[in-house]
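Asks: I'd like to ask some things about the structure below.
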Amino acid sequence: MVEVAETLRARVVSAITAQPQPTVTVLSSLLAIEEEFGYIPPQAIDEVATRESVTVNDVWAVATFYTNFRFTPPGRHIVEVCWGPTCHLLGAQSLVERVQNALGMSGEGDTPDGNVTLKYNTCLGACAQAPVMAADHHLHGRATNEKVDKLLNSLKGDS
Amino acid sequence: MAETFEAIQATAQAREDALNGGLRIRVGVALCGEAAGAFEVLEALKSEVASRRLTASVQEVGCIGLCYAEPLVDVQLSNGTRVFYKNVTPEDLPAILDAAASGSHSPSDKVLGTLGDAGAPGLPKIEDTPQWKCQVRIATRNTGTVDPGEIQEYIATGGYTGLAKALSSMTQEELIEEVKTSGLRGRGGAAFPTGMKWGFLQGSNRPNKYVLVNCEEGDPGAYNDKGLVESDPHTVVEGTIIAGYATGANYGYIFIRHGHVGPTKRAQNAIKQAYEQGLLGQNILGSDFSFDMEVAFTGDSYVAGEETALMEAIEGKRSMPRARPPFPAQSGMWGNPSNINNVKTISYVPEIVRQGGEWFSEIGYERSKGTAILCLTGDVNYPGMYEVPFGLTLGQVVNEIAGGTASGKDVKLLQTGGPLGGVLGADSLEIMLDYEGMSAAGAILGSGGIIVGADDICAVDLARTLVAFCQFESCGKCFPCRLGMTHLVEVLERIAANKGRPDDLDLMRSTGKTMAMGSLCGHGQLGFNPISSALKFFEEDFRVHLEEGRCPTGSCDGAFNRPTRTRPMATAEWYAKEEYVTP
């Protein structure tokens, strides 16, 4: 499996080295890797540690601290339901339930078929359009049960 | 070769005149526009314009603040008047373009109003609506009207004249004095006088000094920092350069949460364009002042917005607050003196320099000078981002600007200043909107988010959400905050489920006291605010839960899902499977 491994490593290295901004740190490298892979491959931790001259523990400390990092590949689609107070007052909990029921889940996480990852976001930043949800990082405001169904159906098609 | 500022301005003006000569259509595509479907409208508009072979410039603009009317499309008539269409869908576009081609407007039920002195016959002016009338737009003067992706357009509206004035005719001391005269105070929540803060950094003669602009903005209910950076990034960049000049700093960072694509893209582009125009880099505009800037990112962490935690994040570490002293102005990023300002604070600076501190200090109320940029959301008719002068009452803001509750029910509570700000009762509508008035009432203006709840909301329900947020976002450094929040949310969930114990209120109060005493930053110190304020105004709701075993409004019933910090880890098999071989 050397070939697979080398490709993985090449992608990690290029994600780290292609960062456009002058200040490169452990955190910025991890963010770049996550953008490339959608998660942090455990092997990438070693690479960041070597390049930033810190210990593997230091890198793990940062990676496990920020809640956006995950360590296993996410589903093909990412569905986020905003959970902030504004959305809460306007019915976010019932949307969460609608999504959970449609996906057959009881909390955050990935569907067994790996198609959808469900996340609760603490604020998607479009509070005036509450309740808000996002599918693959595209925002959908004034969400209703009908919109949820339509959105989830559209994600089923192109798996 | 650096051009003179006059030459840059002339080029920008020529571009603007050329655009104004043709048909000009703008679409608001900030976060709230995106959520309302603005990108679908933009795409449809572009293809419709192309298929009709219209010679029109279609521009993306930011958020004008009238978020209730998104997606907004505006068409500029030949006399300069801009006709705004509200809640536009792709199906509305043919009629709008038909009308635009003949220089008129249509259909009238889709018209929100017009902007511009000339107006258009038969159409209302946006200036006359309650949502606009109360506003004094200083920091938001360009949002939604100027293309955030084009520095020329910003320069043509008077942009960078503040910087040119500062560099050509003002010393560091004069500049700081001007900001002190203006009475500008920090808009991030602490309301510390900005001029004085700059003075601390200016006083240091170390070679590397930083100016940090905080756009982390994790507060749910507030999106004005992101709104400003996304809609008018050039104002933020200009303000940062001026702050750098005034304090003698040589490097600036705009600090944004990773994943907010719009604000990130706009800020990076604005910095790039400023370099191209010679407004950043070595010897800016021919002066001996040099300044560099970049955008720095944090991962998802609310506490990263705290000033010392922010520096930790830029350094690439966990965003946990540091103990103070030393203060950032003595030893900040990488041990160098640093100054941290909120995006909103920085956004006032170019206009203060251009028009003078005296001018700014005449706006506002007593010790709260200038304006507040509010995000009115929740159960209201006209949610949006509004810049209003200090001195209005919360009642004016909620009832006149936001138009009262959308559900038609009575206002029961206001949630101001982010989750740590706590809640206010309906009688707080009398409170004057200024720093002193708000803090006398036990509330925080904070980042400017005001969430309105009607009387179908139980205070226990809202407190549970706020505390669950604080628990999720505690960085974990101080155990009273880390464990206290967890404890509080458990007790609140118990009360909400009508399984509360008689001494639960006392238990929460004592936990809150420990948190306030034993935490380094505001997250733990103010973490009990949501509960203490809910108890102050709505103890009855808690009593009904505890003694009668029911929710007074029913909003606590049903499942309560909250995010968790745990994530699945890679297994040992994973390591074995794709372990790469080092050469």
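Asks: If you take the beta carbon distance between residue B:57 and residue B:490 as r and set R0 to 41 Å, what does 1/(1 + (r/R0)^6) give as a FRET efficiency, to the nearest 0.05?
Replies: About 0.10, to the nearest 0.05.
Asks: List B:198, B:334, B:132 from most exposed to least, where exposure is judged by having the fewest other Cβ atoms within 10 Å.
Replies: With the fewest neighbours first, B:198, B:334, B:132 line up as B:334, B:132, B:198.
Asks: Which of rounded, prolate or oblate describes region B:159-360 when judged by the alpha-carbon gyration tensor and an a/c cut-off of 1.5?
Replies: In terms of gyration-tensor shape, rounded.
Asks: Return the long-range amide H neighbours of residue B:66 (sequence gap of 5 or more, or a different chain), with a cut-off of under 5 Å between placed amide H atoms.
Replies: Correct list: B:385.
Asks: Find how many whole Å separate the alpha carbon centroid of region B:250-303 from the alpha carbon centroid of region B:112-165.
Replies: 24
Asks: Further question: Mean projection of the alpha-carbon convex hull of chain B over all orientations, in nm²?
Replies: Over every viewing direction, the Cα hull of chain B projects on average to 31.1 nm².
Asks: May I pose another question? How long is region B:7-127 along each principal axis, judged by its Cα atoms, biggest number first, in Å?
Replies: In descending order, the Cα extents are 40, 31, 30 Å.
Asks: Still on this structure: Please list, by residue number, everything in region B:444-476 whose backbone N is under 11 Å from a paramagnetic label point 7 Å out along Cα→Cβ of residue B:409.
Replies: What the label zone holds, given the 11 Å backbone N cut-off, is B:453-459.
Asks: Still on this structure, please answer the following. Please arrange B:215, B:134, B:551 by counting, for each residue, the other beta carbons lying within 10 Å of its beta carbon, fewest first.
Replies: Ranking B:215, B:134, B:551 by Cβ neighbours within 10 Å, fewest first, gives B:134, B:551, B:215.
Asks: Right, something else. Say the dipole of region B:159-360 comes from +1 at the beta carbon of Lys and Arg and -1 at that of Asp and Glu; which of B:218, B:267, B:252 then lies farthest toward its positive end?
Replies: Result: B:218.
Asks: Same structure again: Using square roots of five times the C-alpha gyration tensor eigenvalues, list the equivalent-ellipsoid semi-axes of region B:430-479 in whole Å, biggest first.
Replies: 24, 18, 9
Asks: Continuing with this model, one more query. Which three semi-axes in whole Å describe the equivalent ellipsoid of the protein assembly as shown, each the square root of 5 times a Cα gyration tensor eigenvalue, listed largest first?
Replies: 37, 32, 30
Asks: I would also like to ask the following. Can you compute log10 of I(q)/I(0) for region B:85-227 with the Debye formula, treating each Cα as one identical point scatterer, at q = 0.11, 0.12, 0.16, 0.21 Å⁻¹?
Replies: -0.69, -0.79, -1.15, -1.52
Asks: Angle, helix A:56-65 long axis vs. longest principal axis of chain A, Cα atoms, 0 to 90°, nearest 10?
Replies: The two axes meet at around 10 degrees.
Asks: Let me ask another. Using a Förster distance of 41 Å, how high is the FRET efficiency between residue B:283 and residue A:18, based on the Cβ-Cβ distance and rounded to 0.05?
Replies: Here the calculated transfer efficiency is 0.85.
Asks: How high is the FRET efficiency from residue A:11 to residue A:111, r the C-beta distance, R0 25 Å, rounded to 0.05?
Replies: Between residue A:11 and residue A:111 the formula returns 0.45.
Asks: Further question: Within chain B, which is the longest segment that contains none of the trypsin sites (Lys or Arg not before Pro) sitting in a DSSP loop with at most 16 other Cβ atoms within 10 Å?
Replies: In short, B:54-366.
Asks: Continuing with this model, one more query. Among A:72, A:23, A:144, which one shows the biggest mean-square fluctuation in a GNM of chain A, springs joining Cα atoms closer than 10 Å?
Replies: A:23
Asks: Note down the nm distance, to one decimal, between modelled labels 7 Å out along Cα→Cβ at residue B:276 and at residue B:6.
Replies: Between residue B:276 and residue B:6, the label points sit 2.5 nm apart.
Asks: For region A:13-159, what is one quarter of the convex hull surface built on the Cα atoms, given in nm²?
Replies: 9.8
Asks: Another question, then. Using only the Cα atoms, what convex hull volume per residue in Å³ does region B:34-91 have?
Replies: So the per-residue hull volume is 87 Å³.
Asks: A further question follows. For region B:365-381, take each phi angle, set θ = phi - 60°, evaluate the Karplus expression 6.51 cos²θ - 1.76 cosθ + 1.60, and give the result in whole Hz per residue in order, putting x for glycine and proline.
Replies: 9, 6, 7, 9, 8, x, 10, 10, 9, 9, 10, 9, 9, x, 7, 9, 6
Asks: Determine, for B:519, B:555, the number of other Cβ atoms within 10 Å of each Cβ, and report the residues in order from fewest to most.
Replies: Lowest count first: B:555, B:519.
Asks: Based on the inverse mean of 1/r over its pairs of different Cα atoms, what is the Kirkwood hydrodynamic radius of region B:365-454, in Å?
Replies: 12.6
Asks: For the protein assembly as shown, what is the percent of antiparallel DSSP beta bridges, rounded to the nearest 5?
Replies: Among the beta bridges of the protein assembly as shown, antiparallel pairing accounts for roughly 55 percent.
Asks: Here's something else I'd like to know. What's the angle, to the nearest 10 degrees (0 to 90), between helix A:92-103's Cα axis and the longest principal axis of chain A?
Replies: Between the helix axis and the principal axis of chain A, the angle is about 80 degrees.
Asks: If all Cα-Cα distances of region B:344-411 are sorted into 5 Å bins from 0 onward, what percent lands in each bin, rounded to whole numbers?
Replies: 4, 16, 23, 19, 13, 12, 7, 4, 2, 0
Asks: Could you work out how much longer the chain between residue B:572 and residue B:327 gets when fully extended? Use 0.36 nm per residue separation minus the Cα distance between them, nm to one decimal.
Replies: 83.8 nm
Asks: Distance from a point 7 Å along Cα→Cβ of residue B:510 to each backbone N in region B:518-544: keep the residues under 18 Å and list them by number.
Replies: Output list for this probe position: B:518, B:528, B:532.
Asks: How much of the DSSP bridge set in chain B is antiparallel, in percent, rounded to the nearest 5?
Replies: So the antiparallel bridges amount to about 50 percent of the total.
Asks: Related question: Could you give the length gained by full extension between residue B:261 and residue B:536, i.e. 0.36 nm per residue of separation minus their alpha carbon distance, to one decimal place?
Replies: Net length gain for the segment: 95.0 nm.
No lab work stands behind these numbers, since they all come straight from the coordinates. This one's a predicted model, so the numbers in the text were calculated from it and none came from an experiment. Cβ sites come from the backbone with ideal geometry, for glycine too, and all protein chains shown count toward neighbours.
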